[in-house]
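Trainee: Before anything else, here's the structure in question.
What follows is calculated from the coordinates using simple rules that are stated; it is not laboratory data. Quick caveat: nothing in here was measured; it's all calculated off a predicted structure. Note that we place each Cβ from the backbone using ideal geometry, even for glycine, and neighbour counts take in every protein chain shown.
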Amino acid sequence: MLNLLSKHTTDQHEENVMQRLLIVDLESTCWENHIAPSGSRQSVNEMEIIEFGCVIATRVGEVLDKRSFLVRPRVNPELSPFCQQLTTISQAMVDAAPLFTEVVPEIDAWLSQWPDLTYWASWGNYDRRHIATQSRREGVMPDFMRLPHLNLKAIWKNTTGERKRNGLGSALKYHNLAFEGQPHRGIDDAWNMARLLPCMDWSLAILARTEGET
């Protein structure tokens with residue numbers, strides 16, 4: 001029996017080492033008090049992506065590649081002071097960046113080097129919903145959206161049983177990990193999510209999975 005359990009543990013570890021996923025964290029246009037320039041409450045219908053923070057990692061947390069893709073907003077091209085302070089993304093940075101329709105092919109080209117990705121993931125479902133909404137609005141969608149999506153927050157909550165303090169920062173503190181980098185920068189948030197992957201029970205992933213876009 002012990003030999004069987006040991007083999008199962010070894011096989012599971014090998015599977016986790018082999019399984020590769022794309023972690024995505026977005027930064028978007030935002031405004032103080034959550035009120036968009038139109039006067040309505042900000043939502044994915046008005047917010048525009050200004051950064052795709054992307055990390056490719058194994059389920060044991062080994063980071064294989066990472067990249068930040070900055071995006072120039074089209075509808076509201078001027079970042080609010082609140083947004084710049086929160087994200088540390090300046091007006092000059094987005095002014096020099098390509099539009100969403102130009103960034104998507106860049107992401108696709110970068111990910112073509114990783115054809116064996118099994119799914120993509122984010123902390124919660126906001127990123128998935130925002131990308132889907134803006135892709136429909138812009139008429140172009142990143143290829144990775146066709147992969148199944150995993151809600152890392154849900155997997156972590158189900159693993160730990162922690163229901164109240166389940167933000168990324170709180171999850172790191174739960175495991176006595178300090179945040180590395182700049183909070184609210186997509187690339188750094190995605191990097192820190194990768195650090196939590198070894199802490200997750202991957203047998204629970206099926207409960208946090210959403211099928212890819214068609």
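Trainee: Report the trypsin sites (Lys or Arg not before Pro) located in the range 53-117 that are in a DSSP loop and have at most 14 other Cβ atoms inside 10 Å of their Cβ, or state none.
Mentor: Numbers: sites: Arg59, Lys66, Arg67, Arg74; in loops: Arg59, Arg74.
Passing both the DSSP loop test and the Cβ count: Arg74.
Trainee: On to the next question. Once the Cα atoms of helix 126-138 and of the chain are each reduced to a long axis, what angle between those two axes, in degrees from 0 to 90 to the nearest 10, is obtained?
Mentor: On a 0 to 90 degree scale, this one is about 50.
Trainee: Something else about it: In the chain, what is the count of Lys pairs whose alpha carbons are under 23 Å apart, counting only pairs at least 8 residues apart or on separate chains?
Mentor: 5
Trainee: Next question, about the same structure. What GluC sites (Glu not before Pro) does the range 167-214 have in DSSP loop regions with at most 13 other beta carbons within 10 Å?
Mentor: Hits after loop and neighbour filter: Glu180, Glu211.
Trainee: Taking neighbour counts of Cβ atoms within 10 Å as a proxy for exposure, in what order, fewest first, do Lys157, Lys164 appear?
Mentor: In order of increasing Cβ crowding within 10 Å: Lys164, Lys157.
Trainee: Can you tell me how much longer the chain between Thr159 and Phe82 gets when fully stretched, taken as 0.36 nm per residue apart minus their C-alpha distance, in nm with one decimal? Walk me through the numbers on the way to the answer.
Mentor: Working: separation 77, 0.36 × 77 = 27.72 nm, distance 3.48 nm.
Going from the current span to full extension adds 24.2 nm.
Trainee: Let me ask another. Counting Lys +1, Arg +1, Asp -1, Glu -1, what net charge surrounds Gln113 among other residues with beta carbon under 14 Å of its beta carbon? Mind showing how you got there, number by number?
Mentor: Numbers: positive: Arg20, Lys66, Arg67; negative: Asp65, Glu106, Asp108, Asp116, Asp143.
Here the count lands on -2.
Trainee: A further question follows. Local charge sum around Arg163 (other residues, Cβ-Cβ under 12 Å, Lys/Arg +1, Asp/Glu -1)? Write down the numbers at each step before the final one.
Mentor: Numbers: positive: Lys153, Lys157, Lys164, Arg165; negative: Glu162.
With Lys, Arg at +1 and Asp, Glu at -1, the neighbours total +3.
Trainee: Now for a separate question. Given axes a ≥ b ≥ c from the Cα gyration tensor, I'd like to know whether the range 56-108 is rounded (a/c under 1.5), prolate (a/b larger than b/c) or oblate. Write down the numbers at each step before the final one.
Mentor: Values: a/c = 3.30, a/b = 1.65, b/c = 2.01.
Oblate.
Trainee: Could you work out how far the C-alpha centroid of the range 137-214 sits from that of the range 70-106, in angstrom?
Mentor: That distance is 23 Å.
Trainee: Please work out whether the range 71-214 counts as rounded, prolate or oblate from its C-alpha gyration tensor, where a ≥ b ≥ c are the square roots of the eigenvalues and a/c under 1.5 means rounded, while otherwise a/b larger than b/c means prolate and anything else oblate?
Mentor: Note, shape of the range 71-214 comes out oblate.
Trainee: Report the extension gain between Leu177 and Met93 in nm, rounded to one decimal, defined as 0.36 nm multiplied by the number of residues separating them, less their alpha carbon distance. Don't skip to the end; give the middle numbers.
Mentor: Values: separation 84, 0.36 × 84 = 30.24 nm, distance 3.00 nm.
Stretched out fully, the Leu177 to Met93 stretch lengthens by 27.2 nm.
Trainee: Going by a ≥ b ≥ c, the root eigenvalues of the Cα gyration tensor, does the range 129-214 fall in the rounded group (a/c under 1.5), the prolate group (a/b larger than b/c) or the oblate group?
Mentor: Because a/c hits 1.5 or more and a/b fails to exceed b/c, the range 129-214 counts as oblate.
Trainee: If you take every residue apart from Phe52 with its C-beta less than 10 Å away from the C-beta of Phe52, what net charge results, scoring Lys and Arg +1 and Asp and Glu -1?
Mentor: -4
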